[in-house]
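Comments concern the structure below.
The values are calculated or read from the model by the stated rules, or taken from the named source; none is laboratory data. The shown structure was predicted, so the numbers you read here are calculated from the model rather than taken from an experiment. Cβ atoms come from the backbone with ideal geometry, glycine included; neighbour counts cover every protein chain shown. These area figures cover heavy atoms from the full protein model, side chains too; ligands, DNA and RNA do not enter into them. Shrake-Rupley method; radii C 1.70, N 1.55, O 1.52, S 1.80 Å.
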Amino acid sequence: MAEIINDLHLYIIAIGIILFISVYASKISEKIGFPLLLVFLILGMLLGSEGIVGIKFDNTLLAQAVGSVSLIFILYSGGLDTHWGHIKPVIVSGVMLATLGVLITAVILAGFIYLMWNVTPLEALLLGSIVSSTDAAAVFMIFRSHRLRLKSNIEPLLELESGSNDPMAIFLTITILQLIVMSGATSVMEWIVQFVAQFAIGGAVGLLCGYTFPKICERLNISQPGLYPLISVAWLFMIFGLSMTLKGNGYLSIYIAGILTNKFAFPYKSHIIAFHDAIAWMMQILVFLVLGLLVFPSQLPQIALPALVLVLVLMFVARPVSVFISLANSRFNKKEKLFISWVGLRGAVPIILATYPFVYELEQSHLIFDVVFFMVLVSVLVQGMTLGVAAKYLGIVDEDEKS
């Protein structure tokens, strides 16, 4: 401890350099079209025990904690950046993708995993559930960096889906983990009741808190504008904690609260939104750096082939099937559904969920983490770099609004 205190200034300099490089990397990323998420992951791997810097880090519990807290800020910022008027026409389609779509994706992937590997059905479903949701951070970041303007409300649909489907993936992952480690089996009815309760309570808490926060800001009348973002952070933590205490889904609560908060006008609203946008960027950088530190690149080649097969199944089978079924009664045409299928980027959330098996001390924990990490790398690289091309090829770019 004394050594750390004595060298504290060196650690501070190192953190500053890492953050500066990460931020500057966004400019380079926009110029060459390389997904920024991969830059952070690769930077984390270079800093790790098998990288150039050689930082030894294998604390999966700390990585999970960092990821979970980061996700709170990322989802809330995503909610604040989502305008209710934009998502209102696609609310039903978004909910279908965020629930039924996630479940279908998990089941299809589980079927292929069960056939490929010598695992139990529950273990196969666990891995399928971990990578079943699209990632809000990935989708928000890709759309901002590419400056895409799409027709037919596709952009608000994708942002709504990516921001609201993480709770479903988290619920599936934790539930299946509990089924694996618990001796007693949970009935289907108990599972359904638990699912409905989590989403009902989480939604109710989000609506209540999202409506209340603007009223609080109106009544506070604080003379220092810099305190309003601090109040917002405190409120955000209370929303998440309250929802989880009531056995609701905290991540769903904060995302809904962010959307509803943005619907109202209140003092220093622009300050609060700008603050959370900056915090969300920092959290995205932090979580990808930490997850990059956690991986051992030397272990990836041995799982590369099966993981590549799975990510191809995900991109060309599971995701399209889930999209076409979920949007069967929507107004989106075939080309639009194909593009929505292609925007199935995986990002921080699957990797964070891949740390959960370590907590439950599953024998296949390292294998699951490495496979998920490789799948995310391929997904972000292939799909992230081709979103603009795919949009133009399918003819869904809104040329009138294109910047």
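Among the residues of the stretch 248-269, count how many are hydroxyl-bearing (S, T, Y), open to solvent by 10 Å² or more (accessible area, probe 1.4 Å) and closer than 14 Å to S77 by Cβ.
Summing the residues that are hydroxyl-bearing (S, T, Y), open to solvent by 10 Å² or more (accessible area, probe 1.4 Å) and closer than 14 Å to S77 by Cβ in the stretch 248-269 gives 1.
Which residues, taken from the stretch 337-396, are open to solvent by 20 Å² or more (accessible area, probe 1.4 Å) and over 21 Å from V317 (Cα atoms)?
Answer for the stretch 337-396, where residues must be open to solvent by 20 Å² or more (accessible area, probe 1.4 Å) and over 21 Å from V317 (Cα atoms): Y356, F358, V359, Y360, E361, L362, E363, Q364, H366, L367, K392, G395.
How many residues, within the stretch 195-214, are open to solvent by 70 Å² or more (accessible area, probe 1.4 Å) and without any contact (Cβ under 8 Å) to a residue 40 or more places away in the chain?
Going through the stretch 195-214 one residue at a time, the tally reaches 2.
If only one of L100, L71, L75 is within 17 Å of L314 (Cβ to Cβ) and modelled with pLDDT of 85 or more, which one is it?
Criteria check complete, one pass: L100.
Restricting to the stretch 325-336, name every residue that is of a type outside the set (V, I, T) and open to solvent by 70 Å² or more (accessible area, probe 1.4 Å).
Of everything in the stretch 325-336, those that are of a type outside the set (V, I, T) and open to solvent by 70 Å² or more (accessible area, probe 1.4 Å) turn out to be N329, R331, N333, K334, K335.
I need every pair where a residue in the stretch 354-370 that is more than 16 Å from V131 (Cβ to Cβ) has its Cβ under 6 Å from the Cβ of a residue that is part of a helix (DSSP H, G or I) and modelled with pLDDT under 85, sequence separation at least 6 or different chains.
Listed by first residue and then by second, the contacts come to F358/T60; Y360/V181.
Report whether or not I21 is modelled with pLDDT under 75 and on the phi < 0 side of the Ramachandran plot.
no
Given the options M315, M238, M244, name the one that is surrounded by fewer than 14 Cβ atoms within 10 Å (Cβ to Cβ), over 29 Å from F20 (Cα atoms) and aliphatic (A, V, I, L, M).
The unique qualifying residue is M238.
Look through L367, L362 and report the one residue that is part of a helix (DSSP H, G or I) and over 18 Å from L158 (Cβ atoms).
Going through L367, L362 in turn, just one is part of a helix (DSSP H, G or I) and over 18 Å from L158 (Cβ atoms): L367.
So for the stretch 41-59 (the condition being at pLDDT 75 or above and within 15 Å of the chain's Cα centre (by Cα)), does at least one residue qualify?
yes
Of the conditions (1) at pLDDT 85 or above; (2) touching a helix residue (DSSP H, G or I) at 6+ places or on another chain (Cβ under 7 Å), N333 fails just one. Which one is it?
The single condition N333 does not satisfy is (2).
Got a sec? Which of I87, I170, I130 is under 27 Å from A197 (Cβ atoms), modelled with pLDDT of 90 or more and open to solvent by less than 60 Å² (accessible area, probe 1.4 Å)?
Just a single option satisfies the conditions, and that option is I130.
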